[in-house]
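This report concerns only the one structure given below.
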Amino acid sequence: MVTVDMLQAFADAFNRHDIDSLMTFMADDCVFEASAGPDRCGASYVGKAQVRTGFSKVWAMYPDARWSSPRHFVCGDRGVSEWTFTGTRADGTRVEVNGCDLFTFRDGKIALKNSYRKNRPPIAAT
């Protein structure tokens with residue numbers, strides 16, 4: 001059974017940029033729907049190999065990416081994590097926005113991680 005403590009451990013792994021740890025939480029046929037991308041669902045990554053790539057792209061775009069002040073809840077096979085995302089792009093512009101992940105669980109693993117975050121202009125480099 002998935003717990004709030006598991007979601008916190010997942011969030012901690014994201015903040016460490018620890019891809020190997022993150023993937024231990026994911027089901028073999030997992031799906032990651034990113035908050036941005038060309039499709040209605042953002043960008044969709046299916047299966048562990050693609051999800052690994054999708055997670056890593058976030059850190060490539062924002063090498064200092066951080067999800068602060070996470071708050072989680074679990075209800076049966078669904079869960080939510082709310083957070084504040086901060087990160088700096090290669091050109092020095094910063095992003096600071098609130099967001100959330102909607103999760104679907106199966107057999108104690110994350111089957112779907114569906115990410116959403118607010119859209120606001122980047123903060124100019126200083």
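The values are calculated or read from the model by the stated rules, or taken from the named source; none is laboratory data. All of these numbers come straight from a predicted model, not from anything done at the bench. All Cβ positions, glycine included, derive from the backbone under ideal geometry; neighbour counts span all protein chains shown.
Criterion first (of a type in the set (A, V, I, L, M) and more than 18 Å from residue 10 (Cβ to Cβ)) does residue 49 satisfy it?
Spelling it out, residue 49 is indeed of a type in the set (A, V, I, L, M) and more than 18 Å from residue 10 (Cβ to Cβ).
Could you list, in sequence order, the residues of the range 1-21 that are more than 18 Å from residue 86 (Cα to Cα), without any contact (Cβ under 8 Å) to a residue 60 or more places away in the chain and buried (at least 20 other Cβ atoms within 10 Å of the Cβ)?
If the condition is that a residue be more than 18 Å from residue 86 (Cα to Cα), without any contact (Cβ under 8 Å) to a residue 60 or more places away in the chain and buried (at least 20 other Cβ atoms within 10 Å of the Cβ), then no residue fits.
Across the range 95-119, what is the number of residues that are touching a residue at least 24 places away in the same chain (Cβ under 8 Å), touching a Gly at 6+ places or on another chain (Cβ under 7 Å) and of a type in the set (D, E, K, R)?
1
Among the residues of the range 1-32, how many are touching a Phe, Trp or Tyr at 6+ places or on another chain (Cβ under 8 Å) and of a type in the set (Asp, Glu)?
0
Give the residues of the range 66-105 that are of a type in the set (S, T, N, Q), over 15 Å from residue 5 (Cα atoms) and loosely packed, with under 15 Cβ neighbours inside 10 Å, sorted by residue number.
68, 93, 98, listed by residue number.
Kindly state which strands (runs of 3 or more DSSP E) lie completely within the range 14-126 and contain at least 3 residues that are modelled with pLDDT of 95 or more.
26-33, 66-75, 78-88, 94-106, 109-117
Check whether at least one residue in the range 14-25 is farther than 20 Å from residue 108 by Cβ and of a type in the set (Gly, Ala, Ser), and report yes or no.
No - not one qualifying residue is present in the range 14-25.
Output the number of residues of the range 37-57 satisfying the condition of being under 15 Å from residue 20 (Cα atoms) and hydrophobic (A, V, I, L, M, F, W, C).
Of the residues in the range 37-57, 3 are under 15 Å from residue 20 (Cα atoms) and hydrophobic (A, V, I, L, M, F, W, C).
Scan the range 32-55 for residues that are crowded, with 18+ Cβ neighbours inside 10 Å and in contact with a Cys (Cβ under 9 Å, 6 or more places away or on another chain) and jot them down.
Once the filter is applied, which keeps residues that are crowded, with 18+ Cβ neighbours inside 10 Å and in contact with a Cys (Cβ under 9 Å, 6 or more places away or on another chain), the range 32-55 yields 33, 34, 45, 51.
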